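See below for the structure under consideration.
The values are calculated or read from the model by the stated rules, or taken from the named source; none is laboratory data. Computed from a predicted structure; not experimentally measured. Heads up, the Cβs are rebuilt from the backbone with ideal geometry, glycines too, and the neighbour counts pull from every protein chain shown.
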Amino acid sequence: MNAILDFAPPLVLAALGGVLSERAGVVNIGLEGMMRFGAFAAVAGAIFSGSPWVGLLCGALAGAAAAAVHALLSLRFRADQVVSGVALNLVALGLVTYLLQSVFGSAGVSPPSPSLPRDGFGHNALAYAALVVPVVFHLWLTRTAAGLRVRAVGEHPRAAATLGVRVLSLRAFCVLGSGVLAGLGGAALSVGILGQFDSRMPAGQGFMALAAMVFGRWTPLGAAGAAFFFAAADALQRQLSFSLHAADLRLDGVFLALPYALTLLVLALGIGRTRAPAADGVPYDPEGR
Amino acid sequence: MLRARVFAPARDPLWSAVAAVLAALLVSFVAIAASGRNPAAGFGDLVTGALGGPGPLGETAIKSAVLILTGLSVAVAFTVGLFNIGAEGQLIWGGLAAAVVGRLEIPGVLLASLLAAALAGALWGLLPALLKVRRGVHEVISTILLNWVAIHLVHGWLVAGPLAAPGSGASVSVAGTEPIATAAWLPRLLPGSRLDAGFPLALAIAASVWFLLTRTRRGFEWRAVGAGREAAHACGIPDARRVCEAMALSGALAGVAGALLILGTEHKYPGVFRTGYGFDGIAVALVGGGTAAGTVVAGIFFGALRAGATRLQLQGIHPSFAELIQGIAVLLVAAPRIFQPLWARLRGPSDAPAASAPPIPTVQP
């Protein structure tokens, strides 16, 4: 149980980032890249300031900066959103390794950074954020006027525009928010869990967050629930290979593949109403018809 | 429809791609200078590492061959309007199939390994196509998920467990499957380099793909499906079937790319095999404008970049710099509109109003 709360925050935060962006109608394949920027910036910020909190802030800002590129390309220049996200991931892969070597002189790992303080139960603040943020996000999305506008922009932007909603600005806001959440997710990985940056980060966690978003049917509570479920599967896998000597069986890979296979199965069987927002991925042209 | 969305507003896709690559090189030039190193020496090393003599040329050819094939994989999926993010997973299964069949003591083992890789990749590519036409699952999501299923199943289980060479055990550096038979090695063509038959094979495959897409009825029908499935359906083209065929070919191409790595250089399925070539294929296809010829040119360019980047370490620059250049190029190609003001200016003021008018979405062949 403790392990779940420790490993869930990166996934939960990034999955919520995916939900925010896609409910506003912008596909975000770039979560992995945003997490990578966030994870690196958080460690750099924490090391140079000496405070893990400054690190978190840097992580959020770096995620937002990466998201700004995605927003600029896909909203202002109407680039294909999938292409833009893929490109962002490629840039993150190269640029962060380059920065890692330039700043810390090693392309493998960074020096250890100050990590977040833990409470009496051994959890840091991000573990509690992973519990609270989904609920707040859910209430905001379903019970407030702003949340309604976001959903309207993701389902039928033209209709929202005729009611006076500024579609592109709202979408840009949601993409930036998505970057903040993904950047914090990356920071949770580096400053929160490992206490340093590893050049392989986030090692597919961004894509797993994407899977959690789909598994959770593009809803905040669903996505967070799926993220916790995936984190639990991960924790169980670690436990098993520890206690049962499952390492001899070498079944780790099967467990690791499970979240992705399950998500695929849910999609294939169409369990429940698994549907992306109607205008997800469709560029919006203010002058179009 | 997808092609129109990805490539259309650029009236000069070729020049947009060239401009994007040049801009990316410029950005990286500035980045090297900003970090206090000598950019001219860095680019000199890059060129020497890619083209200076048989050794570097061989490395460029090896990497280009794989990138051409994964690029073609993505480009073929584009023609029927699908975005195949899954070349990485298809490549992994292809590589594993080649490593397994390559161990057999049978005549024609090389050909058999290549065919097995194509088949394995095709099956893994067919899966998202079936999910798309039968269950309406978006291929971007399903191919991403299938990548990770493949990565974890093959690397975390099959190669580490059931298929691991006995005694490879704890040490990762020697882990992996048993070596393939020497008869299954791709023949080396040039003394003093690792250049193997993979490069000419990739070029021949690219030529066949070009012929298929532009000179045959089947290719025409694929493009019709890509331009608009409903319209193609109304014309009597079995659209669902065509989507599945194209995705199977797409997967087969990525599978053969994996086989080239195993049969050409690795000679077994290694314990650590994170290539990224499948993801790079997306970049190659996009910069290549989604055509077979463009993909070959972009594949050779990025292959040379990857090969040359290993020499950058002489200047204290990590080889991942190549990925950075590649990423920036894709970012710029992704948004052809960035260059529109530039084209408008180059064409002269008389043309400017036409360029600033809302672009008409055109479907390219």
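Structural remarks
- Residue tally, condition within 12 Å of chain A (Cβ to nearest Cβ) and within 10 Å of the chain's Cα centre (by Cα), over the range B:284-301: 3
- Enumeration of residues in the range B:306-337 that are of a type outside the set (Gly, Ala, Ser) and within 7 Å of chain A (Cβ to nearest Cβ): B:HIS318, B:PHE321, B:GLU323, B:LEU324, B:GLN326, B:ILE328, B:VAL330, B:LEU331, B:ARG337
- The number of residues in the range A:195-231 that are hydrophobic (A, V, I, L, M, F, W, C), within 14 Å of chain B (Cβ to nearest Cβ) and assigned to a loop (DSSP other than H, G, I, E, B) comes to 3.
- Of the residues making up the range A:70-84, those that are assigned to a helix (DSSP H, G or I) and facing chain B (nearest Cβ under 9 Å) are A:LEU72, A:LEU73, A:SER74, A:ARG76, A:VAL82, A:VAL83, A:SER84.
- Any hit, the range A:145-160, residues being outside any helix (DSSP H, G or I) and either surrounded by 21 or more Cβ atoms within 10 Å (Cβ to Cβ) or of a type in the set (Lys, Arg) (or both): no
- Qualifying residue in the range A:72-95 (condition: of a type in the set (S, T, N, Q), farther than 21 Å from B:LEU82 by Cβ and either buried (at least 18 other Cβ atoms within 10 Å of the Cβ) or in contact with a strand residue (DSSP E or B) (Cβ under 9 Å, 6 or more places away or on another chain) (or both)): no
- Condition check for B:PRO179: surrounded by fewer than 17 Cβ atoms within 10 Å (Cβ to Cβ), within 14 Å of chain A (Cβ to nearest Cβ) and either part of a loop (DSSP other than H, G, I, E, B) or at negative phi (or both): no
- Residues within the range B:252-283 that are under 21 Å from B:LEU186 (Cβ atoms) and either more than 14 Å from chain A (Cβ to nearest Cβ) or in a helix (DSSP H, G or I) (or both), tallied: 22
- Any hit, the range A:50-69, residues being within 14 Å of chain B (Cβ to nearest Cβ), surrounded by 24 or more Cβ atoms within 10 Å (Cβ to Cβ) and modelled with pLDDT of 80 or more: yes
- The C-beta contact set for the range B:39-66 (first residue more than 9 Å from B:ALA304 (Cα to Cα), second residue in a helix (DSSP H, G or I) and of a type in the set (Asp, Glu), distance under 9 angstrom, 6+ apart or interchain) comprises B:VAL66/B:ASP280.
- In this structure, B:VAL109 does satisfy being more than 19 Å from the chain's Cα centre (by Cα) and either buried (at least 19 other Cβ atoms within 10 Å of the Cβ) or within 12 Å of chain A (Cβ to nearest Cβ) (or both).
- Some residue of the range A:104-118 being part of a helix (DSSP H, G or I) and surrounded by fewer than 24 Cβ atoms within 10 Å (Cβ to Cβ): yes
- Scanning the range A:101-115 for residues that are within 24 Å of A:TRP53 (Cα to Cα) and at the interface with chain B (Cβ under 8 Å from one of its Cβ atoms) yields A:GLN101, A:SER102.
- Flag for A:VAL103 being in contact with a strand residue (DSSP E or B) (Cβ under 7 Å, 6 or more places away or on another chain) and either touching a residue at least 40 places away in the same chain (Cβ under 8 Å) or not basic (Lys, Arg) (or both): no
Residues checked against (1) in contact with a Cys (Cβ under 8 Å, 6 or more places away or on another chain); (2) surrounded by fewer than 22 Cβ atoms within 10 Å (Cβ to Cβ); (3) of a type in the set (Val, Ile, Thr):
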| site | (1), (2), (3) |
| --- | --- |
| B:SER193 | no, yes, no |
| B:ALA197 | no, yes, no |
| B:ALA202 | no, no, no |
| B:ALA207 | no, yes, no |
| B:PHE211 | no, yes, no |
| B:THR214 | no, yes, yes |
| B:PHE220 | no, yes, no |
| B:GLY228 | no, yes, no |
| B:ASP239 | no, no, no |
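- Qualifying position, being touching a residue at least 40 places away in the same chain (Cβ under 8 Å) and touching an Asp or Glu at 6+ places or on another chain (Cβ under 7 Å), among B:LEU186, B:LEU203, B:LEU190: B:LEU186
- Test: residue in the range B:299-309 that is modelled with pLDDT under 85 and not in a loop (DSSP other than H, G, I, E, B): yes
- Scope the range B:83-122; condition among the aromatic types (Phe, Trp, Tyr) and at pLDDT below 90; matching residues: B:PHE83
- Of residues in the range B:164-181 being among the hydrophobic types (A, V, I, L, M, F, W, C) and closer than 22 Å to B:ILE92 by Cβ, the one modelled with the lowest pLDDT: B:VAL172
- Every condition in (1) surrounded by 24 or more Cβ atoms within 10 Å (Cβ to Cβ); (2) outside any helix (DSSP H, G or I); (3) at the interface with chain B (Cβ under 10 Å from one of its Cβ atoms); (4) in contact with a Leu (Cβ under 9 Å, 6 or more places away or on another chain) is met by A:ASN28 except one, and the failing one is (3).
- Count of the range A:272-289 residues, restricted to those that are at pLDDT below 75 and more than 15 Å from B:ILE141 (Cβ to Cβ), is 6.
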